[in-house]
Each structure stands twice: as C-alpha cells, then as structure tokens.
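These notes concern the structure reproduced below.
Where a number appears in this text, it was derived from the coordinates with a stated rule and is not lab data. This one's a predicted model, so the numbers in the text were calculated from it and none came from an experiment. Neighbour counts run over all protein chains shown; Cβ positions are idealised from the backbone, glycine included.
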Amino acid sequence: MKTYLSEIFSSVQGEGPHVGERHLFVRFCGCHRACRFCDTVGERTNTVLIEKVPGSGQFEQVPNPLSVEQLMGIIRELNEKKTNRRISLTGGAPLLQAQYLQKLLPPLCGDGHSIYLETAGDMPMQLKSIIEWIDIVAMDVKLSSVTKEKNTFPAHWQFLKTCRDWDVDVFTKLVLSAETDEAELIQAVEGIKKAGGEDTLIVIQPMTKAVKTKAVPAGEQLLRWQEMAGRLMPNVRIIPQTHKMLEML
Ligand code: SF4
C-alpha cells in the first residue's frame, strides 16, 4: 500500500497547547475541504520534499507515492537521534488515508513514538479505525462563516465524542477570522461542551493572513469572543500560529 505525501520535516509545533514541542511532521497530500484560509497545497505532488537538516530549507525530493516501509525508513533516519518528541500526522487531511495509517501506525508506535493527529475533525469513522494508536488529537471545529463552506457541526460532535469515549487526549481548535458569526461561535462552543464535556480545551486560533483572505481578526474581537466562550466553558485560550511569526515550517 502506498500514499502521497507532500513534506516531511522536523520543526516546532506552532499551534495549540503543545506549542514549542519538537515534532517530526509528516504531511499528507489531499483534503476533502476547501477552507478559505487554507495555507497548504491540496493536490497530490509528484515528489515528497524531505528536509534532512532541520531548518536548513534544503529539501531532498523522493518520488511519490511512498510505501509504509519507505516512510518508516525515512522517519527512522530523520529521528535517529530521537530529537522529536512526537510524530505529527498532518495535511491536507491524514484521515483520508486511514487504511494506510492502519498499516503505518503499529510499527511507528512499536518504535515508541507518541502520535499527534492534526485533523479537520469531521471524519469520525476514519478516526475510529486508527484511534487506538493515537495519543493526541488536535481537532478543528470549522465555522462556515470563516471557512465559507457548509456547516459540518454534527460530524464534529460525533468525532469529539469518539475521542472522549476512547479517552484520547483531545483539544478543539477554532480558527476565527474577522468575519466570524458570533451566533455560530456560540453554537460551536455549546456543541463542544455537550459532546466533549466542560473540561475540553478550546483554542481560538486567530486566522493568519492567507492568499484567499485578509480578514484577520482584531484584538478587540478576539478578546470579546474569548469572554463569550468563557461564559460557557472554563478553558478558552487564544493561541496564534507561532511558527509563522518565526517564518518556520
Ligand atoms: S481542512 Fe486544513 S488542509 Fe483542508 S482545506 Fe481546511 S485548512 Fe486546508
């Protein structure tokens, strides 16, 4: 079995409560969504870019697609010195490759890696098929007023409930732009509370300027939204994409 990857590199986790941890990022090609603020290449690429020296900006190109054995070999080489605290599966949408992950995750976990899944948080069936190997889930809850796509809250609640049922470490991430609909935001917070419980962390991630939108939220908006969400849930944090400040991958 083979899959298409876009990049493999070691860097700091720039988002959410694990910010600053060193992760080895494995970025899968392809996504089923089209968020307005998306900053990743969605299409399959002919080659996967591998940064062998972290932060160097020098990439080796390996032809796509990659077998599980090939990817395991690359990960073992890049993490030979055990520099990375976790393996971050990111995208695109890694859960689109759930069958591949079912083959990849047992040997990856067998090597003692902690697995961090970054996901749109809307594919509960695919999550269920691999959840036994996942340590941390960073799940998005997408607001249609921000993504400009249709609302997918029911899938998010099923997804979050699955994480809770399996007792997986999960936090929710809401990317908010200046165009955020406040009624939709409250609906999202209420849904998180119901599906995940009051102790679920909500990270408000201010949208970073993107190619298709410049609607970055103002500080005043962010603080108001944190207060609004904070009336319903105790743990609401504002954490921007810190790796972008440092112009890191
Ligand atoms: S889910 Fe993530 S990768 Fe997919 S379009 Fe949205 S931001 Fe981009």
Report summary line: Taking r as the C-beta separation of Lys150 and Ala183 and R0 as 22 Å, the FRET efficiency to the nearest 0.05 is 0.85
Report summary line: Whole-number value, in Å³ per residue, for the convex hull of the alpha carbons of region 101-249 is 127 Å³
Report task. Over the chain, calculate the relative contact order: mean separation of alpha carbon pairs under 8 Å at least 6 apart, over the residue count, as a percent. Result -> 18 percent
Query raised in the report: Based on DSSP, what percent of beta bridges with both residues in the chain are antiparallel, to the nearest 5?
Result: 35 percent
**Report entry** Protection-proxy order for peptides 197-204, 148-155, each taking the mean of Cβ atoms within 10 Å per residue, highest first
**Finding:** 197-204, 148-155
Requested in this report: Please determine, in degrees from 0 to 90 and to the nearest 10, the orientation of helix 98-110 with respect to the longest principal axis defined by the Cα atoms of the chain, where the helix direction is its Cα long axis.
Outcome: 70 degrees
Query raised in the report: Tilt of helix 182-196 relative to the longest C-alpha principal axis of the chain, in degrees (0 to 90, nearest 10)?
Result: 60 degrees
Requested in this report: Please go through the residue pairs Lys52/Lys128; Lys52/Lys103; Lys150/Lys214 and name each one whose alpha carbons sit more than 22 Å apart in this structure.
Outcome: Lys52/Lys128; Lys52/Lys103
Report task. Can you tell me the order of 177-185, 20-28, 159-167 when each peptide is scored by its average per-residue count of other Cβ atoms within 10 angstrom, highest first? Result -> 20-28, 159-167, 177-185
Report summary line: Output ordering of 134-146, 211-223 (per-residue mean of other Cβ within 10 Å, highest first) is 134-146, 211-223
Requested in this report: Please report the relative contact order for region 23-66, taking Cα pairs under 8 Å with a sequence separation of at least 6, and give it as a percent rounded to a whole number.
Outcome: 29 percent
Query raised in the report: Ordered by residue, what ³J(HN,Hα) values in Hz, to whole numbers, does region 23-39 give under the Karplus form 6.51 cos²θ - 1.76 cosθ + 1.60, where θ = phi - 60° and Gly and Pro are x?
Result: 10, 9, 8, 10, 9, 8, 7, x, 8, 8, 10, 9, 4, 4, 8, 4, 10
Report summary line: In degrees rounded to 10, the 0-90 angle between helix 68-78 Cα long axis and the longest Cα principal axis of the chain is 90 degrees
Report summary line: Calc'd 3J(HN,Hα), region 7-17, phi into Karplus 6.51 cos²θ - 1.76 cosθ + 1.60 (θ = phi - 60°), Hz, glycine/Pro = x, comes to 8, 9, 7, 9, 7, 8, 5, x, 10, x, x
Requested in this report: Counting helices only, and only those DSSP H runs with n ≥ 4, report the 222 nm mean residue ellipticity of the chain as the sum of -39,500 (n - 2.57) divided by its residues, in deg cm²/dmol to the nearest 500.
Outcome: -9500 deg cm²/dmol
Requested in this report: Calculate one ³J(HN,Hα) per residue across region 150-162 by plugging θ = phi - 60° into the Karplus curve 6.51 cos²θ - 1.76 cosθ + 1.60, and present them in order as whole Hz with x for glycine and proline.
Outcome: 6, 6, 10, 3, x, 5, 4, 5, 5, 4, 5, 5, 4
